[in-house]
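Colleague: Supplied in structure tokens, the structure appears directly below.
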């Protein structure tokens, strides 16, 4: 055993010579001399160097895209874009839940929530609606509801009075301009378009509370105001919004500027909608433009 070990040590210490000769002239062109241990070390270092160079070549050059399963530049770009779109959709859903919650709170006589409530994460339309429906009804409130229902049951002129309530209001014109496209339910155009100069001031038609002030892909900068008498006014395609959700405004207050934002806009104008009890009505019957 000792003899075998001694022979191995002698073999590592033995010197080797590696030469390259010209086959025709027998001239020595290249000579490499080293002992056995030095040869092993040289081979190991060469392998490590080659592995390092190949790794760097694959990691920092486009060659890595030829590795099976590695995404190319287009795929990585699509992944980033999809992530951004998903985040935008999530934010849009939160905003719509917030606006719906504010409308429900205003209808039930509660104070609208502030935009800071969106960041809390616990605000959803279902939670607010459930809270409103689960609120206890007092005995006086129940008696009042029964009395109102009993009176309205035999009141044939109730619908007429509702129209008179709208006509009796003093509406402030939303913008100075010309109605370029009128209200027409038959052509699926339940609103009016008012042509006006760019950045003209858009005003609130009545006192109310802003329940929506945000950007949408189709209608651009949009603002929506809840008024008394179950009226809602909507202003779209603005170039800039001057009021935020939850703010109270007076009739004639500047709320935005005329623009042409959104995919559905074809020029500078104000897209104006007026809703009464959940149904669109013709604004030109109540507002002088």
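Colleague: Say each of residue 180 and residue 26 gets a label point 7 Å from the Cα, pointing the same way as Cα to Cβ; how far apart are those two points in nm?
Modeller: Output for this residue pair reads 10.0 nm.
Colleague: So, one more: Roughly speaking, what % of Cα-Cα pairs in the stretch 171-285 are separated by over 20 Å, rounded to a whole number? Please report the intermediate quantities before stating the final value.
Modeller: Working: 2142 of 6555 pairs.
Roughly 33 percent, rounded to a whole number.
Colleague: Of the peptides 279-287, 96-104, 54-62, how do they stack up when ordered by the mean number of other Cβ atoms within 10 Å, highest first?
Modeller: 96-104, 279-287, 54-62
Colleague: Based on the Cβ-Cβ distance from residue 64 to residue 85, what FRET efficiency comes out when R0 is 25 Å, to the nearest 0.05? Display every interim value, and only then the final one.
Modeller: Numbers: r = 27 Å, r/R0 = 1.06.
After rounding to 0.05, the efficiency reads 0.40.
Colleague: Hey, another quick one. Quick check on packing: order 206-219, 77-90 by the mean number of other C-beta atoms within 10 Å, highest mean leading. Write down the numbers at each step before the final one.
Modeller: Working: 206-219: 18.8, 77-90: 10.4.
Answer by packing, highest mean first, reads 206-219, 77-90.
Colleague: Grab the beta carbon distance between residue 289 and residue 207, set R0 = 22 Å, and tell me the FRET efficiency rounded to 0.05. Please list the in-between numbers first.
Modeller: On the way: r = 20 Å, r/R0 = 0.91.
Efficiency for this residue pair is about 0.65.
Every read-out reported here was derived from the displayed coordinates using simple, explicitly stated rules and does not represent laboratory data. For clarity, every value in this text was computed on a predicted model and none was experimentally measured. Because the Cβ atoms are built from the backbone with ideal geometry, glycine has one as well, and the counts that use them run over all protein chains shown.
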